[in-house]
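Read-outs throughout are calculated quantities, based only on the coordinates presented, and are distinct from any laboratory measurement. Only a predicted model underlies this, so the values are computations on that prediction, with no experimental measurement involved. For neighbour counting, all protein chains shown are included, and Cβ atoms are generated from backbone atoms with ideal geometry for every residue, glycine included.
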């Protein structure tokens, strides 16, 4: 941990959201290391408890998956995290009102990316149930619907397209530090 980056502490959470392949998981893990916090990825939790995401979508549909995801968010935020929590959400988690309500009062970071940033990670992907047919068209359509929600929920927006996970995590930590100093002034 660098000296200029404060620890989060108990009861504090930084939530990462954004579209699929924006780096929420890798940036989240790097950010948690920087802040001395615990890292939880809601997709990993859902998969460990309920099986592969494509199977959940096939059996329960998107709404069923979103309900499981909302429960994973609620559980993670309610758990005791003495060093604080960095929580990575699935790309569509904030589409549910109850999930957005759970995030209130936390630092919610929107990792902004363009298609050109995520294309290498998504083209040919078999494990993205909402990315069907033409990957670019599907991704752009999802973003058109989701962008206003991401923007309305975010307390901080960070460009995540041009750096490594560690560089983006340092940018997030730096902006959070500035925000907190501004709030204390």
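Tabulated values for the structure
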{"item": "Using alpha-carbon coordinates, inclination of helix 135-153 to the longest axis of the chain, degrees", "result": "40 degrees"}
{"item": "Which of 73, 118 has the fewest Cβ neighbours within 10 Å, and the rest in rising order", "result": "118, 73"}
{"item": "Proxy reagent accessibility, fewest Cβ within 10 Å first, across 39, 57", "result": "57, 39"}
{"item": "Förster-model FRET efficiency, 25 Å R0, residue 147 and residue 97, C-beta, rounded to 0.05", "result": "0.90"}
{"item": "Helical contribution to [θ] at 222 nm, DSSP H n ≥ 4, -39,500 (n - 2.57), averaged over the chain, rounded to 500", "result": "-17500 deg cm²/dmol"}
{"item": "Proxy reagent accessibility, fewest Cβ within 10 Å first, across 136, 112", "result": "136, 112"}
{"item": "Length added when fully stretched, residue 7-residue 164, from 0.36 nm per residue minus Cα-Cα", "result": "54.3 nm"}
{"item": "Average projected area [Cα convex hull, region 13-184], square nanometres", "result": "9.6 nm²"}
{"item": "Helix axis angle, 165-184 relative to the chain longest principal axis, alpha carbon, degrees", "result": "50 degrees"}
{"item": "The chain: angle of helix 53-78 to the longest principal axis, Cα-based, in degrees nearest 10", "result": "10 degrees"}
